[in-house]
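The values are calculated or read from the model by the stated rules, or taken from the named source; none is laboratory data. Here the structure is a predicted model, which is why all the values come from computation and not from measurement. FYI the Cβ positions are ideal-geometry reconstructions off the backbone, even for glycines, and counts take in every protein chain you see.
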Amino acid sequence: MFTELNSILNSSPDSVTQGEFILLSDRQSDASFLIHHFLSFYLRARCKVCFLGLVQSFSHYSAVSQRLGVSLTQAKEKGQLVFFEGLKESLSIFIPQEGNAESQAMDFLRDPAVGLRSLYDFILASVKSPDSTLEGAEEWGPPMLLVDDLSVLLSLGVSAGAALDFSHYCKAAICSQLQGNLVMLVRCSGEEEEEEGDGEGSEWLLKGLTHQCSLALHVEGLPTGYCRDIHGQVEVCWRRRRGDGQHTQRKLFQYKVHDKGASFFARGTSSAVL
């Protein structure tokens, strides 16, 4: 969890804003450090977390979270965290082995025509807290869904339209009905323009998700190129409805990732450029 980022977003684990869809994106950079932040943030806030890990293993996230002072293993054992390891589940379908239980959540890999309904059903079942009247069951706060890279579904044969529908239904269920929070990461291809009318690329997916989200954090490299003391810049965009219209506020920050966190500062204020 990054204290400076909490200050920028005016948030803390003790006062979580409910019903938010937070979109993370990157282009020619790596926004995965923000995934680690929000994972530790919502676990500290005692939310019931469902994590769709589509590009990294549980052991990877566990090692990083340990440095941030959060134990994913303990969170799983207590029932606070449900981690869906997409890499392992995909492998069990592509290379089936006797004795291995198959997950229905990845049915779209067997038949793309079935869509992402099974994955959506898995999420809903995961975010429901156990009955607090049962002996030993803990009661958690509002649910939270974290997806480490929605755009990877495109390379698995899912259309951008189907991925947008999936995010829309997740937002309706998690944010609106259950008053929880949704965080999704999308990686852009780096191309400034895609073929017009294509509708299947990550840029098109990003545009669609931007219209759905209430907060967007977009990570890019520095326009001036590599710098040892500044790793890139992040544009923070708040999207709020006011009256009959949409109010948008944007701020640009530069950042540096450390072994146990990240520093954020206004553009041009880093000691490296002063």
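The residues of segment 66-88 that are assigned to a loop (DSSP other than H, G, I, E, B) and either in contact with a helix residue (DSSP H, G or I) (Cβ under 9 Å, 6 or more places away or on another chain) or under 18 Å from Asp149 (Cβ atoms) (or both), listed by number, are Leu68, Gly69, Val70, Ser71, Gln80. If the condition is being touching a Phe, Trp or Tyr at 6+ places or on another chain (Cβ under 7 Å), touching a residue at least 60 places away in the same chain (Cβ under 8 Å) and hydrophobic (A, V, I, L, M, F, W, C), then segment 57-100 contributes no residue at all. When Ile35, Ile22 are checked against the criterion of being assigned to a strand (DSSP E or B), in contact with a strand residue (DSSP E or B) (Cβ under 8 Å, 6 or more places away or on another chain), of a type outside the set (D, E, K, R) and modelled with pLDDT of 95 or more, a single residue qualifies: Ile22.
Looking at segment 43-52, can you tell me whether even one residue there is of a type in the set (A, V, I, L, M), at pLDDT 90 or above, within 21 Å of Leu109 (Cα to Cα) and touching a helix residue (DSSP H, G or I) at 6+ places or on another chain (Cβ under 7 Å)? Looking through segment 43-52, at least one residue is of a type in the set (A, V, I, L, M), at pLDDT 90 or above, within 21 Å of Leu109 (Cα to Cα) and touching a helix residue (DSSP H, G or I) at 6+ places or on another chain (Cβ under 7 Å). Counted as qualifying within segment 169-274 are the strands (runs of 3 or more DSSP E) with 3 or more residues that are out of contact with any Cys (no Cβ under 9 Å at 6 or more places or on another chain), at pLDDT 80 or above and surrounded by 13 or more Cβ atoms within 10 Å (Cβ to Cβ), namely 181-187, 232-242, 245-258, 261-266.
Residue pairs whose Cβ atoms lie under 6 Å apart, separated by 6 or more positions or on different chains, with the first residue in segment 17-34 and at positive phi and the second of a type in the set (Gly, Ala, Ser), are Gln28/Gly190; Gln28/Gly221. All of (1) of a type in the set (A, V, I, L, M); (2) touching a residue at least 40 places away in the same chain (Cβ under 8 Å); (3) farther than 22 Å from Leu116 by Cα hold for Leu54 with one exception: (3).
One residue stands out in segment 38-65 among those that are part of a helix (DSSP H, G or I) and small (Gly, Ala, Ser): the one that is nearest to Phe253 (Cα to Cα), namely Ser40. Could you list, in sequence order, all residues of segment 155-174 that are without any contact (Cβ under 8 Å) to a residue 60 or more places away in the chain and closer than 14 Å to Gly86 by Cα? Passing the criteria: only Ser155. Looking at Leu9, Leu24, Leu52, Leu43, which is the one that is buried (at least 23 other Cβ atoms within 10 Å of the Cβ) and within 17 Å of Ala216 (Cα to Cα)? Exactly one of Leu9, Leu24, Leu52, Leu43 is buried (at least 23 other Cβ atoms within 10 Å of the Cβ) and within 17 Å of Ala216 (Cα to Cα), namely Leu24.
Against the definition (touching a Phe, Trp or Tyr at 6+ places or on another chain (Cβ under 8 Å), under 18 Å from His37 (Cα atoms) and not charged (D, E, K, R)), how does His258 come out, yes or no? So His258 does not fit the description; no.
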